[in-house]
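Each remark here refers to the structure printed beneath this line.
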Amino acid sequence: MPIDEVKEKLKRGVMAAVQLPNVSDSEFEASLTELRELAKTLGFEIIRTFIQKRAGFDRTGYLGIGKRQEIRGFVNNEWVSAVSQENVEGGAQDSDTDIADQEIAGNVDVMFIDHEISPFQARTLEVEVGCEVMDRTMVILEIFHRNARSRAARAQVEIARLGYMAPHLREAAKLAGPQGRQRSGTGGRGAGESHTELDRRKIRDRIAELQKELVAMDLERKTQRARRQENQGLASVTLVGYTNAGKSTLMRALTGSEVLVANKLFATLDTTVRTLYPESVPRVLVSDTVGFIKNLPHGLVASFKSTLEEALDASLLLHVIDASDPGFERQLEVTDKVLKEIGADVVPRIRVFNKIDHVGDVAQQAERKMALRDKYLNCIVMSARQPEDVAMLHQKIVASFQQQFVETELFLPWSAQQLRKEIYENCEVQEERADEHGAFFRVRGEPAAVEKLREQFEQVR
Ligand SMILES: Nc1nc2c(ncn2[C@@H]2O[C@H](COP(=O)(O)OP(=O)(O)O)[C@@H](O)[C@H]2O)c(=O)[nH]1
Ligand SMILES: [Mg+2]
């Protein structure tokens, strides 16, 4: 029942894409699936997909005129049995589909386009179809914008957004005659309105300014490294990997936050930190990151990397891979490469091959499982939908922290008994005994965590 609630709150979108002759069906499908996921991240349910095979994009409106009219009919619910309906989902066109369409048509908030289109094409589409248009680049920028945490990441994303917006603003300005309608602040682009007044020069200045700031921040990053050292005592796990690999699903399964997510719609967007559940010693924090994207527009690479940099703060990375995706090996390589580029290759890592249940039949699953285990030492092959598998991953995470445990004794004076719970939260207590001065604990814990406690206790002495 919470699922229905969630559905109700989703905004409605349609998706449209041109399939060029040199793009295979599977590539094309994969890209659409990815865009659907990305749109979902922004709170949209894609209620309908329109595709068109063409030799090239239409210069005026990306899609051909007939397709544009068809979409207009759907978006405005003036559904007539249009002539040239060649729809993807369901494949063949029959009268049943028409009836179904009539039921779901209308009330479309946004049309998503699976390419980067020109401002002119976007405007044509908005006017003709009669709803807001977001292209692939804009969708990704919006996601990065929401995920950028650090100052550097925010600056980097803003540079990319300004670069993207500039030509769109010019197009809007051309249009903004007395009757002109402005491109409204799409998908929560709150600042969109005021940006409309910025001219090209102002945008250029702002970009230059941000770039200068970024250089200055490079120095700050060194401090960040220091902070990372400091955080080392905290057991924290960060999920990285491609969009649609199952990171958010795993995050929910590992932290028992299913209900929370359903109620707090899109809590997953916010890479909020949660605790591993059932709780463990040491207490482990789990966080999600912005996903890798197969068709990442070149101009967005820098912002993606900076958004990913929070992975540096983790003490363990879970690299989640969709084992059922034909291109998973290439994706794995790209992820490794980018993690190295941002300096996260020093962080210990577990490879998690997910969605094994989605690989062919049982025999094929077993075969793939063996092959993966052979090739990638210490990896996990699993399905996020199998509670036993999730429990196994949970165990492996906890074990990887306990591996480095040291055994030692801590002394806590009676005057500082309020710190007792710190010991139990951060270590495994093997034995506890007391004398007139205080309590002695024989503990097992992470070296850094134990040291931190010891220092803390020294101070209260
Ligand atoms: N069959 C199968 N589907 C999964 C599994 N894990 C996740 N999914 C589905 O894959 C889609 C993407 O998952 P999500 O967690 O949003 O991926 P993210 O983009 O990495 O956060 C969702 O529809 C999930 O239900 C799995 O182990 N098996
Ligand atoms: Mg996710």
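Observations on the structure shown:
- Against the numbered list (1) under 24 Å from GLU455 (Cβ atoms); (2) without any contact (Cβ under 8 Å) to a residue 60 or more places away in the chain, ALA366 comes up short only at (1).
- For LEU300: the one exception among (1) under 21 Å from THR33 (Cβ atoms); (2) within 16 Å of ligand 1 (Cβ to nearest atom); (3) at pLDDT 90 or above: (2)
- Qualifying position, being basic (Lys, Arg) and in contact (Cβ under 8 Å) with a residue 24 or more places away in the chain, among ARG433, ARG454, ARG420: ARG454
- Near pairs, Cβ below 7 angstrom, 6+ apart or cross-chain, from the range 381-393 (within 12 Å of THR249 (Cα to Cα) and in the same structural domain as ARG349 (by TED's automatic domain parsing)) to any residue that is in a helix (DSSP H, G or I) and more than 11 Å from ligand 1 (Cβ to nearest atom): VAL390/LEU254
- Filter result (exposed (fewer than 15 other Cβ atoms within 10 Å of the Cβ) and at pLDDT 95 or above) within the range 1-22: LEU20, PRO21, ASN22
- As a summary of the residue check, ALA105 satisfies the conditions (1) modelled with pLDDT of 90 or more; (2) touching a Phe, Trp or Tyr at 6+ places or on another chain (Cβ under 6 Å) except for the one numbered (1).
- Some residue of the range 115-129 being small (Gly, Ala, Ser) and surrounded by fewer than 20 Cβ atoms within 10 Å (Cβ to Cβ): yes
- GLY187 vs. criteria at pLDDT below 80, within 18 Å of the chain's Cα centre (by Cα) and farther than 30 Å from LYS396 by Cβ: yes
- Listing of strands (runs of 3 or more DSSP E) fully contained in the range 390-461 that carry 2 or more residues being of a type in the set (Phe, Trp, Tyr): 438-445
The values are calculated or read from the model by the stated rules, or taken from the named source; none is laboratory data. Note that this is a predicted model, so its numbers are computed, not measured. Here Cβ is always computed from backbone atoms with ideal geometry, including for glycine, and neighbour counts include all displayed protein chains.
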